[in-house]
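A quick write-up on the structure given underneath.
Where a number appears in this text, it was derived from the coordinates with a stated rule and is not lab data. Worth saying up front: this structure is predicted, and the values here are computed from it rather than measured. In this analysis, Cβ positions are derived from the backbone assuming ideal geometry, glycine residues included, and neighbour counts consider all displayed protein chains.
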Amino acid sequence: MNRIDTPQDRYSNTAWNSQSYNNQKPRPELGALTKLLQGGDPLPWSRANESLPVSMIEKSTPSEIKQRLKENKGGTHWDESQYSAGSLNKWGLIYFYLTAIAKGCCTMLAPLSVVSSLALVFFDDTIDFIDFIEIMIFFCIYIYIPSGLIWGYFEASGRGYLPMPWFMKAVKHFTFSRSTGIVTRYKNNKELYSHPFPEFDCYLISSPSHQGILSYQLHLVHRYHRFFDSIPLHGFSTSQQPEEFKRIWNMIQRYMDTSQPMPDIPELELARPRDPTTAAWDKQHNRKPDYWFSMDDEAFQEALQELRFGPSMGPEIDLFNGGTQA
């Protein structure tokens, strides 16, 4: 008989629960510079609703996510236990851009050069077919073959047929752990700090550009320590709408809140049955196990339209007086 996970098995004592938590210590007084950097008052804490940042979800269709999971053999940066944010190191980024150039040479420059060289043969009497062959040999030896090898290796290693280059190392930036309720910030792949989720406040920071247009950033800041490195959350979306940033904060609170199901997004479709709270909610509400992954692109766009309405955040909660005495 298979063992069934329960919330007690899956979540540790430090996991965040918006219905049962200890009162937090009061916010310390901040200096003028810190207040300026943090952009004034934080966004409110809430018992998150089902609102989601549409600009984040629409970046990849369910079919694209399924293909990526297949290529990564099910590996993902976001599951029922943890969200992990990172990027390639500088050498990995250089290699990534180099492969993009190599792909362009093979798919665009190669056919263009063949057509243009043939045109010269037919329309320029000074160039004959022997010259065309010599030109093609030159391009093949010095451009197309090296580009093909670079692009081919990148594609093969991405599909698991060849090992990834040794310099393609990921740089971890931060993690959110739903199972433990801990938020961790990294620098150069080393832990910088790690604290429980309710000890952080989320700040929506606005600043005018040279053209006088406001731009926004979203940062998670530890309430009781003045760490120099905050946790940037604006990377979840390319939008510059304040309401979308509030939806990001709402989504993160929903993900970390073990009293509620995880956010209903395509990235977490396969992880939902493995999270006990989410699995119980899905069963109770008869949610299709493949709600997102069964959609075609047209149905996906229609579903996104339905998500654009409604309040961006759930009802506020008072972290300092709304829980139990610590």
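Descriptive notes on the structure:
- Distance between the modelled labels on SER20 and ALA271, one decimal in nanometres: 2.3 nm (7 Å Cα→Cβ projection).
- Mean-position separation - Cα centroids, the stretch 105-122 and the stretch 273-299, in angstrom: 50 Å
- Applying 1/(1 + (r/R0)^6) with r as the Cβ-Cβ distance of LYS288 and VAL171 and R0 = 41 angstrom yields a FRET efficiency of 0.65.
- The mean sequence separation of alpha-carbon pairs under 8 Å and at least six residues apart, normalised by the residue count of the chain, gives a relative contact order of 35 percent.
- Fraction of the pair-distance distribution of the stretch 129-281 above 29 Å, Cα-Cα pairs, percent: 46 percent
- More than 21 Å apart - percent of Cα-Cα pairs taken over the stretch 203-315: 52 percent
- Residue-averaged 222 nm ellipticity for the chain, from DSSP H runs of 4+ at -39500 (n - 2.57), nearest 500: -10500 deg cm²/dmol
- Most fluctuating residue given options ALA279, ALA100, ALA15, as computed from a GNM of the chain linking Cα atoms under 10 Å: ALA100
- Extension gain, SER207 to LEU118: 0.36 nm times the residue separation minus the Cα-Cα distance gives 26.6 nm.
- Global size of the chain as Cα Rg and Dmax, reported in angstrom: 25.3, 92
- Between the helical axis of 242-256 and the longest alpha-carbon principal axis of the chain there is an angle of about 70 degrees.
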